[in-house]
Number of protein chains: 2
Amino acid sequence: MRELVKAFKALSDETRLRILSLLMERGCCVCEVMQALDISQTRASRNLSALYDAGFLKLRKDGLWSLYSIDRDGMEKYFSNLVDAVRKALEGNKVVDMDRERLREAERVGPGCVTRMRK
Amino acid sequence: MRELVKAFKALSDETRLRILSLLMERGCCVCEVMQALDISQTRASRNLSALYDAGFLKLRKDGLWSLYSIDRDGMEKYFSNLVDAVRKALEGNKVVDMDRERLREAERVGPGCVTRMRK
DNA sequence: ATAGTATAAGCGGAAATGCGCATATAAGCC
DNA sequence: GGCTTATATGCGCATTTCCGCTTATACTAT
């Protein structure tokens, strides 16, 4: 019960839904998330952690990078259609699409993208 | 998007999940909910309102009574299996079952049950 | 070692939430 | 009309949430 409440809490935030939507396209490190969604590092990190704690994300550390990706099993533990529901709810929402270019740019730049892309 | 956040918010509270679980068995008026779950009138009323605002409940007024019941369409707008998920998550949880007797009692007593059953 | 980079975490404040107490509202009953 | 009852709501407070600022940590590169 407490666990289900926690899962719903994790989902009841716009930033986290945007993150989920982004990660559904492909796994990202923290700095890619902050670039793509145009949010602060603290905000990206904290909300990724929250989703991870709720069991919705997998984490793989690679050097300086923390690579987060969707944990399908975790996402569908309670709702077999949760992934589709989130995707559908964000459909037509330009929030993620808008920044796709920045995301590609961050990917291209690689480590150092945070400070280098700030300007 | 905002709407989906609102729906998740409504679900991310233990009291509200208990209420949903109760209403899945059968529609209840506010005083039956407070009796069955042993919560205050304010708490029952407020949380029922929240679930109603989120589109999960239907409301029928009958004299003094406000009869709330599950709105299947609202519940399954995003998640076709939401009803089952909540039910399953609460399975084995004695919280509701414990008070089934009080609920029957409230139903038997009818109007006046709040004050009469307080003693 | 020194400097740079990505991420996490402590701290504090602003805002939102949950809820008890009291009161308001509205319907029923005498 | 008054009295009772069921429900909703305003107010205030405690708690939680969110997040920016800053600092800590840990890995990389030179």
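Values quoted throughout were computed directly from the atomic coordinates according to the rules given, and no laboratory measurement underlies them. All of these numbers come straight from a predicted model, not from anything done at the bench. Glycine gets a Cβ as well: all are built from the backbone with ideal geometry, and neighbour counts include every protein chain shown.
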Say a label goes 7 Å from Cα toward Cβ at A:SER69 in every copy; what distances in nm does this one have to the rest, shortest first?
-> 4.8
Count, for each residue of B:5-18, the Cβ atoms from other chains sitting within 10 Å of its Cβ, then give me the mean as a whole number.
-> 5
List the distances, in nm to one decimal, from the label point of A:ASP53 to the label points of the same position in every other copy, shortest first, placing each label point 7 Å from Cα along the Cα-to-Cβ direction.
-> 2.5
For A:CYS29, residues with placed amide H under 5 Å, excluding near neighbours = A:TYR68
Taking a label point 7 Å out from Cα toward Cβ, give me the nm distances from B:ARG87 to the same spot in the other copies, shortest first, one decimal.
-> 2.7
Shielding by partners, peptide B:71-79 (average Cβ within 10 angstrom, other chains) | 2
